[in-house]
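Peer 1: Below you will find the structure I want to go over with you.
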Amino acid sequence: MNDTSPPDLFGYRKYWAHKFTPAPFLPMSREEMDDLGWDSCDIIIVTGDAYVDQASFGMAIVGRLLEAQGFRVGIIAQPRWQDTEDFMRLGRPNLFFGVTAGNMDSMVNRYTSDRKIRSDDAYTPHAEGGKRPDRASLVYSQRCKEAYKGIPVIIGGIEASLRRIAHYDYWQDKVRHSALVDSKADILLYGNAERALVEIAHRLAAGDSIREMLHLRGTAVLRNELPETFTYIDSTDVEAPGPAQAPPHPYAQPAPSPAIPGADTAKVVTLHSRPKKLDRNHSAVLLPAYEQVKSDPVLYAHASRILHLESNPGNARALVQKHGKRYLWVNPPPIPLTTRELDRVYELPYQRRPHPVYGDARIPAYEMIRFSINIMRGCFGGCTFCSITEHEGRIIQNRSEKSILKEIESIRDNVPGFTGNISDLGGPTANMWRLHCKDPKIEASCRRLSCVYPGICKNMKTDQMPLVHLYRKARAIPGIKRIFIASGLRYDLAVETPEYVKELVTHHVGGYLKIAPEHTEKTPLSHMMKPGIGTYDRFKALFEKYSKAAGKEQYLIPYFIAAHPGTTDEDMLNLALWLKKNGFRADQVQAYLPSPMALATAMWHTGYNPLKKVGRGAKTVFSPRGMKQRRLHKAFLRYHDANNWPLLRDALKKMGRADLIGNGKHQLVPNWQPKGTGEQKDNGSRPFRSQHVRAGKHSGTRRRSPPSKRR
């Protein structure tokens, strides 16, 4: 299970190698299957997104990867979920259904941070809203089970990944079961799950039962009893949160296992209290049960902390969480792909455009990443509000320089409408490519939640000159006019290599560069695990220096989060004063959205900080939960909007800061009101509006990270 030297992802013998060639597009209809000469599909992928055959879209990567293994793969995109008709469109699959909600969690996709339904969907033709259900992976899985009984259903993608254990659901304001329990699926894949997916496909093709696949990395399964071959560690012994109020500990009285020949009885579970040294390959950590975490905030925060501490593929143990009478068994995270493997994944025969069934319909998510390139996966920043680390891991997986340059040439030669501009070379972040721990042994044993907070780890290699060389080679390719960097920049890393900042500012900024300080005040930043505003000032000085040297007028666009856990009204007031002092006016704002499994979500739900040991006497974390206070925090970010002035004037008086009301240069809001203003407006948000503020001297110029950055 914990083998750190897995077989090569492309080392399996192809299932249909003797009579199979890649499809132009993976089929979405029986007519397309007939054209390919298929009588059936081996695997059918059901997705909440429109089918775009490009490596920024999960269904395309999964489909093309399985196709490369020799399997016949079909796609059912955005099916009508009220009955099973659409789920039977391609017939009965020979092996399994693979179900994903799409590139985004369906709830984040469909609702704003104020729980209001969005009117559009960037992953749908014509941006039409309402084409996927709430919690799509659960609904799709259940319909697949109804359509063809006995066919295994595997759920994956970011929605399933971030809901793999009991989790707080912001939209229902309650703790829900693991998605595996609610979906009735047979197995859940989390993270970058290529290895597990390929192994499952080949084992099912060889006749193995899905029920036998219990110990694959990057998977979660349900078990009726626990194997006696493992040593079990009570997580509350590892870090004691204090006595539970109720209910009793579900593992305290383990049930006996079935009789073993030659023995009278055998216990299923042996608990070890604070073990000094155990074989991690055969150890599992018992998390508080679902019934406990749903009613006990301390145990929920504790479980969240343990989950994140057990996230390094080099030392993570299996996690066990009881749900009713069954045990959710979460295997350790997948081993990251090698550069060679990742290159091959991104070099599969993608068409790099939507399926022809959509005709000329515009799919906004595709338009945004049409000419962009993913160069890496993962993020070691560990920001508490972000889902990237929980999904892709902290270890950076890099493509080779050769593979990246080859893809630029492929876009130039094959993608319709290309005019010579690459819109992005990036990933979850712009500048973590080839950054890594200096010692693989240290990396494998590390249990830090971030490599850059509270400061950059001394073991982290931060030299970004390889990225500089990549940029230069990319610009030198014939036919390439400009290469922009649109992914979010880690400016705390960028300042470690001033030559990188110079290269970026001189050649790759189109007038505006987005960065994310998120806040200016120490307490909110510490709850986000973000660097202090002084680091922003250091980067700003370099940005302005090199922009001036290049003879360019360029601007930084800082992003900020409103209403994050740990943020008070005073913190937001100080941020508003900073914005005014620096001449920034946010054109749109959105309050913090508690996404499943994030550390900040645990703070929001429980009032405790899982960045530290959680105990019943621990200091609590304030979160601005009420809608009135969330509106106030957003109003501080848009202090210049006259519609917000009545709310801000009232708040400033209550805060004892009436001195900031007036027409002076150093005052925040005027003491007069323009006619026809003062009504509170909900700015809302669109699918491509971030949880961060667009704050800049000019409006209408903000660009969101491509969907490939949020897989």
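Peer 1: Just wondering, is there one or more residues in the range 101-121 that are at positive phi and over 20 Å from the mean Cα position of the chain (by Cα)?
Peer 2: No, the range 101-121 contains no residue that is at positive phi and over 20 Å from the mean Cα position of the chain (by Cα).
Peer 1: Go through the range 28-42 and give me each residue that's open to solvent by 10 Å² or more (accessible area, probe 1.4 Å) and assigned to a helix (DSSP H, G or I).
Peer 2: Listed by number, the residues that qualify are R30, E31, E32, D34, D35, L36.
Peer 1: In addition: Looking at the range 300-311, can you tell me whether even one residue there is open to solvent by 20 Å² or more (accessible area, probe 1.4 Å), touching a residue at least 60 places away in the same chain (Cβ under 8 Å) and either touching a Leu at 6+ places or on another chain (Cβ under 7 Å) or more than 30 Å from T606 (Cα to Cα) (or both)?
Peer 2: There is no residue in the range 300-311 that is open to solvent by 20 Å² or more (accessible area, probe 1.4 Å), touching a residue at least 60 places away in the same chain (Cβ under 8 Å) and either touching a Leu at 6+ places or on another chain (Cβ under 7 Å) or more than 30 Å from T606 (Cα to Cα) (or both).
Peer 1: Please indicate, with yes or no, whether at least one residue in the range 432-446 is in contact with a Leu (Cβ under 6 Å, 6 or more places away or on another chain) and either open to solvent by less than 10 Å² (accessible area, probe 1.4 Å) or modelled with pLDDT of 95 or more (or both).
Peer 2: If we filter the range 432-446 for residues that are in contact with a Leu (Cβ under 6 Å, 6 or more places away or on another chain), which is where we start, we get 433.
Narrowing the set further to residues that are either open to solvent by less than 10 Å² (accessible area, probe 1.4 Å) or modelled with pLDDT of 95 or more (or both) leaves 433.
Yes, the range 432-446 has at least one match.
Peer 1: Scan the range 391-404 and give yes if some residue there is open to solvent by 40 Å² or more (accessible area, probe 1.4 Å), on the phi < 0 side of the Ramachandran plot and assigned to a strand (DSSP E or B), otherwise no.
Peer 2: Looking for residues that are open to solvent by 40 Å² or more (accessible area, probe 1.4 Å), on the phi < 0 side of the Ramachandran plot and assigned to a strand (DSSP E or B), one finds none in the range 391-404, hence no.
Peer 1: Restricting to the range 459-469, count the residues that are surrounded by 20 or more Cβ atoms within 10 Å (Cβ to Cβ) and closer than 26 Å to V415 by Cβ.
Peer 2: Qualifying residue count, the range 459-469: 1.
Peer 1: Another question about this same structure. Find the residue count for the range 78-90, including only residues that are open to solvent by less than 10 Å² (accessible area, probe 1.4 Å) and either part of a loop (DSSP other than H, G, I, E, B) or of a type in the set (A, V, I, L, M) (or both).
Peer 2: Total meeting the criteria: 2.
Peer 1: Still on this model: Just for the range 231-251: of the residues that are charged (D, E, K, R) and open to solvent by less than 30 Å² (accessible area, probe 1.4 Å), which one is modelled with the highest pLDDT?
Peer 2: Filtering the range 231-251 for residues that are charged (D, E, K, R) and open to solvent by less than 30 Å² (accessible area, probe 1.4 Å), the one modelled with the highest pLDDT comes out as D234.
Peer 1: If you go through the range 318-332 one residue at a time, how many are under 23 Å from the mean Cα position of the chain (by Cα) and surrounded by fewer than 22 Cβ atoms within 10 Å (Cβ to Cβ)?
Peer 2: 1
Peer 1: Return yes or no: is E291 acidic (D, E) and closer than 30 Å to S423 by Cβ?
Peer 2: No, not satisfied.
Peer 1: What's the number of the condition G534 fails, among (1) assigned to a loop (DSSP other than H, G, I, E, B); (2) at pLDDT 95 or above; (3) open to solvent by 10 Å² or more (accessible area, probe 1.4 Å)?
Peer 2: If we test G534 against (1) assigned to a loop (DSSP other than H, G, I, E, B); (2) at pLDDT 95 or above; (3) open to solvent by 10 Å² or more (accessible area, probe 1.4 Å), just (1) comes out false.
Peer 1: Whether any residue in the range 151-162 is over 20 Å from V198 (Cα atoms), touching a residue at least 24 places away in the same chain (Cβ under 8 Å) and either in a loop (DSSP other than H, G, I, E, B) or open to solvent by 20 Å² or more (accessible area, probe 1.4 Å) (or both) is what I want to check.
Peer 2: Yes: one or more hits.
Peer 1: Do the conditions hold for I485, that is, is it open to solvent by less than 60 Å² (accessible area, probe 1.4 Å), touching a residue at least 60 places away in the same chain (Cβ under 8 Å), under 24 Å from D424 (Cβ atoms) and of a type outside the set (K, R)? Please lay out each step first, then the result.
Peer 2: Values: open to solvent by less than 60 Å² (accessible area, probe 1.4 Å): yes; touching a residue at least 60 places away in the same chain (Cβ under 8 Å): yes; under 24 Å from D424 (Cβ atoms): yes; of a type outside the set (K, R): yes.
So I485 passes the test.
Peer 1: Does any residue of the range 572-583 turn out to be in a loop (DSSP other than H, G, I, E, B), open to solvent by 30 Å² or more (accessible area, probe 1.4 Å), modelled with pLDDT of 95 or more and in contact with a Pro (Cβ under 9 Å, 6 or more places away or on another chain)?
Peer 2: no
Peer 1: Would you confirm whether or not the range 363-386 contains a residue that is of a type in the set (S, T, Y) and open to solvent by 20 Å² or more (accessible area, probe 1.4 Å)?
Peer 2: Checked the range 363-386: no residue is of a type in the set (S, T, Y) and open to solvent by 20 Å² or more (accessible area, probe 1.4 Å).
Peer 1: For A206, state whether it is among the hydrophobic types (A, V, I, L, M, F, W, C) and open to solvent by 10 Å² or more (accessible area, probe 1.4 Å).
Peer 2: Answer is yes for this residue.
Peer 1: Pick from the range 128-150 the residues that are in a loop (DSSP other than H, G, I, E, B) and at negative phi: which of them is surrounded by the most Cβ atoms within 10 Å (Cβ to Cβ)?
Peer 2: So the residue we want is R132.
Peer 1: At least 2 residues that are open to solvent by 80 Å² or more (accessible area, probe 1.4 Å) and closer than 22 Å to T523 by Cα in each: list the helices (runs of 4 or more DSSP H) lying fully within the range 599-684 that qualify. Give the derivation first.
Peer 2: On the way: elements: 599-606, 627-637, 645-654.
Fully inside the range 599-684 and qualifying: 627-637.
Peer 1: Enumerate the helices (runs of 4 or more DSSP H) found wholly within the range 426-502, keeping only those where 1 or more residues are under 20 Å from I533 (Cα atoms). Quick ask: steps written out before the conclusion?
Peer 2: Numbers: elements: 440-445, 465-475, 491-494.
By residue number, 491-494.
Peer 1: Moving on. Among the residues of the range 43-69, how many are hydrophobic (A, V, I, L, M, F, W, C) and either in a helix (DSSP H, G or I) or surrounded by fewer than 24 Cβ atoms within 10 Å (Cβ to Cβ) (or both)?
Peer 2: Of the residues in that region, 8 qualify.
Peer 1: Among the numbered conditions (1) in a loop (DSSP other than H, G, I, E, B); (2) modelled with pLDDT of 95 or more; (3) not polar (S, T, N, Q), tell me where P416 comes up short.
Peer 2: Against the list (1) in a loop (DSSP other than H, G, I, E, B); (2) modelled with pLDDT of 95 or more; (3) not polar (S, T, N, Q), P416 comes up short only on (2).
The values are calculated or read from the model by the stated rules, or taken from the named source; none is laboratory data. Just so you know, these numbers come straight off a predicted model, no measurement behind them. Reconstructed Cβ throughout: ideal geometry from the backbone, glycine too, with neighbour counts over all protein chains shown. These accessible areas exclude ligands, DNA and RNA; they are computed on the full protein's heavy atoms, side chains included. Shrake-Rupley method; radii C 1.70, N 1.55, O 1.52, S 1.80 Å.
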